[in-house]
Each structure stands twice: as C-alpha cells, then as structure tokens.
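Down below is the structure, laid out as structure tokens.
Just so you know, all these numbers are worked out from the coordinates, no wet-lab data involved. The shown structure was predicted, so the numbers you read here are calculated from the model rather than taken from an experiment.
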Amino acid sequence: MDLSEFNATPADRLRPMLAACCDVPRWVDAVLVGRPYGDAAAMAFVADKAARDLSDDEVSRALAAHPRIGDRADGDSAEASWSRREQAGVGDDASVRAALAAGNRSYEERFGRVFLICATGLSAEQMLTSLRERLTNDETTEAGVVRDELRKIAVLRLAKVLADQEVPA
C-alpha cells in the first residue's frame with residue numbers, strides 16, 4: 001500500500017492494520033485523523049507523538065498483542081507475520097531460547113507484564129542482555145522503557161504498512 005492509497009482507504013478498512021501496529025484505539029484514531037498525509041515522515045510524526053501519550057492501561061492493552069521474545073507467533077495475522085520478522089534475530093539456538101524463556105519468566109514475575117523490546121535488527125544475545133539489564137530497573141524506569149519500546153515498534157510497523165506490497169489481514 002502506498003501513501004496515496006493509505007490516505008484514500010476508508011477508515012474501517014485501515015483500522016485493523018493500524019491496530020496491528022499498536023492495539024490502542026486512541027492511537028489508531030490519531031493516525032486516521034491525521035490523514036491525508038503529504039509524506040511518510042508526517043505520518044510517522046503523528047504516530048510517534050500519539051504513542052508518547054499512552055496511558056498505563058493503553059500500554060497494557062497494547063502489550064497483550066505482543067508475544068514473548070523468543071516465542072514464535074502463530075497465524076497469518078499482521079501481528080504474527082511482523083513479530084516473526086522482528087524476532088528473526090532470536091534464531092534457533094536452544095540454549096539462547098531457554099535463557100530468553102527463563103528471563104521472560106523472571107521479568108513477568110518482577111514487573112507483571114511481558115518483556116517488550118523493539119527486536120528489529122537485534123541478535124538474540126542483544127535481546128537477552130537488554131532483558132537482564134532491564135530486570136535491574138525500578139518500576140517507574142521500566143514503565144518508561146516499555147512505553148518507548150512500544151512507540152518504536154508502532155512507528156516501525158506503521159512504516160511496514162506502506163512498505164509491504166501485501167499487508168496481512
């Protein structure tokens with residue numbers, strides 16, 4: 001889908017694609033209301049700004065759509081397809097996968113939510129190092145990190161909507 005198609009597509013058809021980027025209705029609405037966009041940078045600016053203002057409940061809602069780092073997302077939804085590509089750096093090393101699984105459990109016990117990282121371009125070792133470092137954060141610091149990681153993912157996925165020839169439904 002190119003930008004002119006994005007600008008012209010009815011909102012009800014775009015809503016599921018945008019929710020796959022960030023499953024927060026207020027964020028989706030902000031991106032939709034900003035149309036028409038003159039360029040992709042203008043769209044990214046609106047998406048970025050809207051993601052910086054998410055409430056704790058909205059962050060929790062968005063996190064529910066993300067699999068654990070190291071888990072392979074099933075299905076052919078946009079979220080699953082993008083997640084598999086984003087986590088390509090996890091690889092198939094059983095020991096790394098086991099360490100990520102253990103780290104995920106520790107993180108969830110400590111913070112009560114899934115560990116989220118913008119995994120695009122990161123190796124499994126980089127993800128694991130970040131997970132271990134973030135386990136030392138206090139709740140307030142970590143909440144800010146999670147919000148920022150979610151923002152980065154949302155903006156990257158929105159760019160994929162324009163870059164993908166066929167966006168998964």
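Fully extended, how many nm does the chain gain between R132 and N7 (0.36 nm per residue separation, minus their Cα-Cα distance)?
On the way: separation 125, 0.36 × 125 = 45.00 nm, distance 4.16 nm.
In short, 40.8 nm is gained.
Per residue, what volume in Å³ does the Cα convex hull of the stretch 3-163 take up? Provide the component values of the computation, followed by the final result.
Numbers: hull volume 17.0 nm³, N = 161.
So the per-residue Cα hull volume is 106 Å³.
What's the extension gain from R105 to K49 if we count 0.36 nm per residue and subtract their Cα-Cα distance? Kindly include the intermediate steps, with their values, before the conclusion.
Working: separation 56, 0.36 × 56 = 20.16 nm, distance 3.14 nm.
The R105-K49 span can extend by a further 17.0 nm.
Work out from phi, with θ = phi - 60° and the Karplus expression 6.51 cos²θ - 1.76 cosθ + 1.60, the ³J(HN,Hα) of each residue of the stretch 98-104, listed in order in whole Hz, and give x for Gly and Pro.
5, 5, 5, 4, 5, x, 4
Which value, in nm² and rounded to one decimal, describes the direction-averaged projected area of the C-alpha convex hull of the stretch 102-161?
On the way: hull surface 16.6 nm².
Mean projected area for the stretch 102-161: 4.1 nm², to one decimal.
Using the Karplus equation 6.51 cos²θ - 1.76 cosθ + 1.60 (θ = phi - 60°), what ³J(HN,Hα) coupling, rounded to whole Hz, does each residue of the stretch 119-125 give in order, writing x for Gly and Pro?
Along the stretch 119-125, the couplings run 7, 4, x, 9, 7, 4, 5 Hz.
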